[in-house]
Amino acid sequence: MKPRTERDDAKRPQREPRRRRRRHPLLELLRELFSWLRWLPSFPLFALLAALPSAGCGEALDGAAAGTRSEAAVDGASDGGGEPAPTPARTAVPRAQRLARDKAAALARAGELERGDAAVVDREFAAALQGLVDEPSAKRFGRFGDDWLPKSAARGWLAWNGRESDAGLPLALRVEAQDHPFAVLVDLQQQLAAAGALLLFVPIPSRAELEPELLLPARAGATPLPPRVAATTRFLAKLAEAGVESVDLAPAFTAQRTDPDPRRTRLYLRGNNHWTPRGAELAAEQVAARLAEFEPAELAAVELPLPSHRFVEGRDFDVVRRLGQVRGEGIGQAEGAPSEAVGVNAVEWRAGGGPTAERARGSSIVLLGDSFAAMHKELHGSFVDQLVRFTGLPIDVIAPQGGAELACREALSRRDAPLAGKKVVIWLLPAPLLAPSGLWKRVAMGGG
């Protein structure tokens, strides 16, 4: 082969350097326009209209052991991501109408859940839960493949749904039973009503009852099994009849399981008894939707504040999709369960903004609960974070760890004039804790 010379190289055509393509000015304009339009669905209209005094968010919160792993968008996050949900619009509905609607809807849902072979499935489900409770190798959790279920939730469901006979009522509906939560809820509502406030009860369904196929794999099919929540649903109907308002999360949580976006379907952590950031976000969205139905007089403790006193997305905070990590040694974690990556629509406060503990105590809304209220607060994606985001309103939080039944109410009662300036008490409580126990006793809200 003849060697190549410099003359030969000179004859070769030279490539021109690649020129960087420039976008058409019109395309640049449209791109900028769409970047602004993406925020419109989340603009807190409710924040401009709701009537509550200004304050901040948070008393004693129990945080989850979690940390931010990446600030990248979580387009591929396995759990709890998805596009941020829009802020619920405000449409006032009279309280009597809300209670009548809640009762009718609960009875209709319970009827649907009890159709067909529901009784047979419930018996199989109960047997599987009893097997989990009796498993000697499991301390606090039972393992089902890559998932862990807590024994405490199994015990709670078995007690709450227990019947004295095949034809008898479940314990959930035997409201005269000793240490039953019904009397406590009605008593608290009556105390609040005397002080010019309202109770909003929010039971959190357990993962086991929402995903029964984890325990009944032989019944798993193309569509999820119906949740095993008929007894709790009828209990909520009884509460509505007695004047206690509630938010039933089960319908929204069940519907989310078939969401076409896989990032939005997982509402509970695999190795922890708490929800994912998406579960907390969806619950807060449902509660905010109910608050949006309250009439101004039911919310305003003193007077209608100015819109500038509201927390507004795009002005006071931004919602940023992130990928976070729930550590393996966190609160409510199963033995041997690994860390878990979760997607979160984080509520990121801008400089100089954000709720403070000092402002929280002046809020008209009190949130009672436990670690569920603050789970994922390190990721800025807790239930409290999302409730402030969806309502634009401050929240006064009392959430001692493990204190959802009694300790949170006792903490509120120990304040000086605990109900002064309060209009709504939201009681967030895991459904397995509804089973009667010595913790279900009345607490007087007299203060001191």
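Quick rundown of the values:
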{"read-out": "Cα-Cα P(r), the range 321-360, percent of pairs per 10 Å interval", "value": "24, 30, 31, 15, 0"}
{"read-out": "Relative contact order for the range 118-162, counting Cα pairs under 8 Å that sit 6 or more residues apart, in percent", "value": "35"}
{"read-out": "About the Cα centre, charge dipole magnitude for the range 377-441 (Lys/Arg +1, Asp/Glu -1 at Cβ), debye", "value": "180"}
{"read-out": "Simple spin-label estimate for Q130 and R219 in nanometres, 7 Å along Cα-Cβ", "value": "1.5"}
{"read-out": "Ranked packing of 200-210, 108-118, 282-292, most packed first, by mean Cβ within 10 Å", "value": "200-210, 282-292, 108-118"}
{"read-out": "Rough spin-label spacing in nm, given labels placed 7 Å along Cα→Cβ, for A105 and E358", "value": "4.0"}
{"read-out": "Prolate/oblate/rounded call for the range 354-412, Cα gyration tensor, a/c under 1.5 rounded", "value": "oblate"}
{"read-out": "Cα gyration tensor category, rounded, prolate or oblate, for the range 158-272 with a/c compared to 1.5", "value": "oblate"}
{"read-out": "Model label zone, V93; criterion: amide N under 20 Å from point 7 Å along Cα-to-beta-carbon; scope the range 265-299", "value": "282-299"}
{"read-out": "Separation between Cα centres of the range 241-304 and the range 107-141, rounded to whole Å", "value": "24"}
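Here, each number is a calculation from the coordinates, and none is a lab measurement. Fair warning: this is a prediction, and the values are worked out from it, not measured in the lab. As a convention, Cβ positions derive from the backbone with ideal geometry for all residues, glycine included, and neighbour counts pool all protein chains shown.
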